[in-house]
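Engineer: Below is one structure. I have some questions about it.
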Amino acid sequence: MLLRKLALLSLAALALAPVHGAHARNRAHANAAHTPKSTLPRTAGDAALAARDLNTLLDRVESSGQVAGMAFAVVKDDKVLLQRGIGYADTSTGAPVTPDTVFRLASLSKAFASALAAMLVDDGVLRWDTRVTSVVPSFELMDANASNKLTVRDILSQRVGLPHNTYDRLLEADEPYPLLVDKLREVPLTCDVGECYGYQNITYALIGDVIYALTGDFFYHQVEKRVFHPLGMLTASYGKESLESSKSWARPHARTRSGWVPFEIRDSYYHVAPAAGVNASIKDMTQWLIAQMGGRPDVLSPALLQTLHAPEINTPSEGRISPWHRARVSDSQYALGWRVFDYAGETLVFHAGAVKGYRSMIAFFPKSRFGAVVLWNCESAIPSGLLPMLLDRYLGLPEVDWAGLDSRQPAARHARLVAGRNGR
């Protein structure tokens with residue numbers, strides 16, 4: 001399955017101090033020292049140098065042909081240090097990836113849904129403790145008490161109490177979203193509502209139903225009006241039709257003996273738009289990243305960001321899913337549409353996404369306002385390793401080839417086996 005933690009912390013607290021300080025940093029250094037071909041630590045905090053080093057790595061990836069197409073952006077404070085496309089949007093026509101090429105974001109979409117919900121909370125349209133059944137009375141879980149207890153905060157923090165990725169396989173088999181929501185009453189709960197983490201797409205999409213019931217307007221119209229347009233995300237949209245009508249858009253690709261070949265889009269996850277429906281270019285995503293790091297208080301206020309990035313529930317399995325997670329991540333939690341990691345002693349706000357033929361990752365350090373976004377149109381693990389290589393360079397950590405640019409590294413080979421498990 002491609003898709004898939006209890007203290008509330010304020011963003012101010014996250015920004016003022018590392019989660020576990022020097023102990024976690026020392027532990028991460030020790031882990032990296034036992035990873036093949038690590039080098040000595042570098043000077044920390046030089047964002048421009050980190051971006052230049054990444055650009056050199058992108059040259060290597062581009063010349064290797066190991067990725068069909070990819071777009072990468074690096075931001076420090078409100079300044080874009082790197083914004084680059086490599087490879088092809090469509091190998092069959094030779095169309096290149098540019099900063100304006102539109103990709104599917106998959107689960108990076110979830111943060112747009114939580115941001116809109118936070119705006120509506122500020123407006124008094126809903127509350128974080130609004131019960132889903134008070135707005136969508138037909139909604140049912142197997143346990144009636146659980147049904148009546150479930151809140152907006154629970155669905156956006158992945159605390160519904162259902163098994164991970166409930167009914168995602170049926171969604172991928174084109175079962176209609178309303179039918180799958182109705183079938184949730186047949187699924188035994190793994191815990192009481194609010195008590196444990198279970199990554200979901202079907203229930204996450206309920207926020208769209210709640211917003212429509214309370215505003216009379218479609219969820220995605222609200223995001224377009226209140227997020228995309230104010231931030232100048234000119235190519236951002238929802239849905240397959242909008243993607244394919246973009247002036248430049250990245251086709252999904254599969255590797256064959258003759259190279260990368262584009263294939264037809266599967267649109268099943270567009271049916272759960274709040275969970276996985278956004279399309280955007282890397283140019284759009286630099287504006288989103290700047291806003292998430294506090295650079296657009298006119299759109300996303302400091303108080304709103306504090307709420308969105310505050311951890312809600314522990315997600316212990318996240319620290320084990322890949323070599324860089326095991327070496328760098330000592331604590332992992334889910335906030336409202338975001339993951340929050342202790343990354344080598346620094347708080348990292350993060351999310352990844354995956355649908356067939358597309359991958360995406362976004363990450364930033366709120367303390368230093370340094371972050372990056374990467375989008376790609378094939379199922380390769382290389383880009384997902386480039387991101388922690390950039391973060392390591394910025395923090396001055398020992399260099400490790402998490403991307404597997406030297407394919408002889410055991411860590412790199414294992415990374416390919418676990419690519420995409422962060423969630424859709």
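Engineer: Within straight cross-link reach of Lys79, meaning Cα distance under 27 Å, which lysines are found once same-chain residues fewer than 8 apart are removed?
Structural biologist: By straight Cα distance, Lys79 reaches Lys110, Lys225, Lys247, Lys283, Lys367.
Engineer: Moving on. Just subtract the alpha-carbon distance of Ser92 and Thr56 from 0.36 nm times their residue separation and send over the number in nm, one decimal.
Structural biologist: That works out to 10.3 nm of additional length.
Engineer: Which trypsin sites (Lys or Arg not before Pro) in the stretch 188-287 sit in a loop by DSSP (not H, G, I, E or B) and have at most 16 other Cβ atoms within 10 Å of their own Cβ?
Structural biologist: Passing sites in the stretch 188-287 are Lys247, Arg257, Arg266.
Engineer: What do you get for chymotrypsin sites (Phe, Trp or Tyr not before Pro) in the stretch 205-236 restricted to DSSP loop and a cutoff of at most 15 other Cβ within 10 Å of the site's Cβ?
Structural biologist: Filter output for the stretch 205-236: Phe218.
Engineer: What chymotrypsin sites (Phe, Trp or Tyr not before Pro) does the stretch 249-297 have in DSSP loop regions with at most 16 other beta carbons within 10 Å?
Structural biologist: Here the chymotrypsin sites (Phe, Trp or Tyr not before Pro) that fit, given the DSSP loop and packing criteria, are Phe263.
Engineer: If you place +1 on the Cβ of every Lys and Arg, -1 on the Cβ of every Asp and Glu, and leave all else neutral, what size is the dipole of the chain about its Cα centre, to the nearest 20 Debye?
Structural biologist: 1160
Engineer: Using amide H atoms built in the peptide plane, which far-off residues or other-chain residues are under 5 Å from Tyr88 H to H?
Structural biologist: Long-range HN contacts for Tyr88: Gly69, Met70, Val97.
Engineer: Additional query: Measuring with a 1.4 Å probe in the full set of protein chains, what accessible area per residue, in whole Å², belongs to the chain?
Structural biologist: Normalised by residue count, the accessible surface of the chain is 37 Å².
Engineer: Under 18 Å between alpha carbons, and skipping anything fewer than 8 positions from Lys183 in its own chain: which aspartates and glutamates qualify?
Structural biologist: Hits, sequence-local ones excluded: Glu140, Asp143, Asp168, Glu172, Asp174, Glu175, Asp209.
Engineer: While we're on this one: Using the Cα centre of the stretch 333-389 as the reference point, and only Cβ charges (+1 on K/R, -1 on D/E), how large is the resulting charge dipole? Debye, rounded to the nearest 20.
Structural biologist: I would put it at about 120 debye.
Engineer: So the label point goes 7 Å from the Cα of Leu179 along Cα→C-beta, right? Which residues of the stretch 251-284 then have their backbone N under 20 Å from it?
Structural biologist: 266-273
The values are calculated or read from the model by the stated rules, or taken from the named source; none is laboratory data. These numbers come from a predicted model, not from an experiment. Quick reminder, even Gly has a Cβ in these numbers, built from the backbone with ideal geometry, and neighbours come from all protein chains shown. Just so you know, the surface numbers come from the protein's heavy atoms only, side chains and all, with ligands and any DNA or RNA stripped out. Shrake-Rupley method; radii C 1.70, N 1.55, O 1.52, S 1.80 Å.
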